[in-house]
1. Which is touching a Pro at 6+ places or on another chain (Cβ under 9 Å) and either at pLDDT below 95 or not small (Gly, Ala, Ser) (or both), of 143, 81?
2. Please work out which one of (1) over 11 Å from the mean Cα position of the chain (by Cα); (2) under 17 Å from residue 113 (Cβ atoms); (3) not assigned by TED's automatic domain parsing to the domain that holds residue 232 is the condition residue 89 fails and give its number.
3. Among the listed residues 68, 58, 32, which satisfies the condition of being touching a residue at least 40 places away in the same chain (Cβ under 8 Å) and not assigned by TED's automatic domain parsing to the domain that holds residue 113?
4. Is it the case that residue 19 is among the aliphatic types (A, V, I, L, M), surrounded by fewer than 21 Cβ atoms within 10 Å (Cβ to Cβ) and at negative phi?
5. Kindly state which strands (runs of 3 or more DSSP E) lie completely within the stretch 1-77 and contain at least 2 residues that are aliphatic (A, V, I, L, M).
6. In the stretch 149-171, how many residues are part of a loop (DSSP other than H, G, I, E, B) and surrounded by 14 or more Cβ atoms within 10 Å (Cβ to Cβ)?
7. I'd like the residue in the stretch 106-148 that is hydroxyl-bearing (Ser, Thr, Tyr) and outside any helix (DSSP H, G or I) and, out of all such residues, is surrounded by the most Cβ atoms within 10 Å (Cβ to Cβ).
8. Can you run down the residue pairs with Cβ atoms below 7 Å, 6 or more apart or on separate chains, where the first is in the stretch 235-249 and exposed (fewer than 13 other Cβ atoms within 10 Å of the Cβ) and the partner is β-branched (Val, Ile, Thr)?
Amino acid sequence: MKLVHCSYHKCLTVYYSNVLSSLYNRIVKFSNGYRHFNSMVGDFYRELNKYKLVSVNNHALDLSRLGNKFRVSRFVRDPRDLIVSGYFYHRRGAEAWCNIVNPCEFDWEIVNGCLPANMDKRHSFSSYLQSLSKEDGLIAEIDFRKKHFDSMKQWPITDARIKVYKYEDIIGNELEIFDDIFRFYEVSWLEKRIGLFLADHFSAKKQAGKTDHIRNPGVSQWKEHFTSKVQDYFEQQHGELIERYGYER
C-alpha cells in the first residue's frame, strides 16, 4: 500500500518529516524509506514508488496517479493562521528562496508560491515584507498563498482513503494523533512504538527553545494580527475555506 502525507507550508511539515525520516531513514532501516518532496510535485509523481512513505506540500493530488491502493494523511491549519505564521517567517528571510532578489515563480517552485502583484524588481520576498506595514504584509502573504489555498478547495471532502488532521487538534495531542496516523497507515507494532517515541521527542513542547523554526505554535493567532482590511481581503479571495474545514468565522 502506498503511504502519502500532504500538508502546507507552516503546517508542521518539519515536525512530520523529523518523525518519519528518523523512523524510516535512521532507525527502522528501509531501502529508500521516506522522502519529503517539498512542493516539487513533478518529482513526487515520478519517484513516489521508490519509497515506503512520501510527502509533498501545497498541492491537491491527482489520486488516479497513486495506484490502486493508497492511504493519504493530510495536515491542515486555519488558513488565516497560515497567513500569520508565514508572514513572520518570510519577513525574517528564514529560507533561501525568500531572499532571492527579483524572483520569478520558478524560483518559488519549491514552495509553490505566487508573486505578489505589487512586488517590484528591487526586492526579495523578505525585503518586500519588511518594506510594508504589517497590514499590507499580511495581504501580500495572502497573495503568495494563492496556489496553496486553491489546492485546499480542490481536495475531496470525503474519501475513506484520505484522513484529515487539524493543526489545532495536533498541538498538545501529538501522541494521540500519531497513534491514529500509524493505525491508519497499518504499520507494524514496532514501527508504531518507535514512531510514537519520536512524535513526543520532536513535539513543539519538547523542541521549544531549541530551534528558531518555531516562533509561536499557538492557535487563532489571526485574531491578534488581522485588521478588518486584511480580513475582508481574505474573505473575498478564500473565505469559503472557513466553512469547508470547519473553522470559526
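1. Values: 81 fails: touching a Pro at 6+ places or on another chain (Cβ under 9 Å).
Going through 143, 81 in turn, just one is touching a Pro at 6+ places or on another chain (Cβ under 9 Å) and either at pLDDT below 95 or not small (Gly, Ala, Ser) (or both): 143.
2. Among (1) over 11 Å from the mean Cα position of the chain (by Cα); (2) under 17 Å from residue 113 (Cβ atoms); (3) not assigned by TED's automatic domain parsing to the domain that holds residue 232, residue 89 violates only (3).
3. 58
4. Numbers: among the aliphatic types (A, V, I, L, M): yes; surrounded by fewer than 21 Cβ atoms within 10 Å (Cβ to Cβ): no; at negative phi: yes.
For residue 19, the condition - among the aliphatic types (A, V, I, L, M), surrounded by fewer than 21 Cβ atoms within 10 Å (Cβ to Cβ) and at negative phi - is not met.
5. Once the strands (runs of 3 or more DSSP E) in the stretch 1-77 are filtered for at least 2 residues that are aliphatic (A, V, I, L, M), what remains is 2-7, 53-57, 70-76.
6. Counting residues in the stretch 149-171 that are part of a loop (DSSP other than H, G, I, E, B) and surrounded by 14 or more Cβ atoms within 10 Å (Cβ to Cβ) gives 3.
7. 124
8. Qualifying pairs under 7 Å: 249/242.
The values are calculated or read from the model by the stated rules, or taken from the named source; none is laboratory data. The model shown is predicted, which means the values in this text are computed figures rather than measured ones. For neighbour counting, all protein chains shown are included, and Cβ atoms are generated from backbone atoms with ideal geometry for every residue, glycine included.
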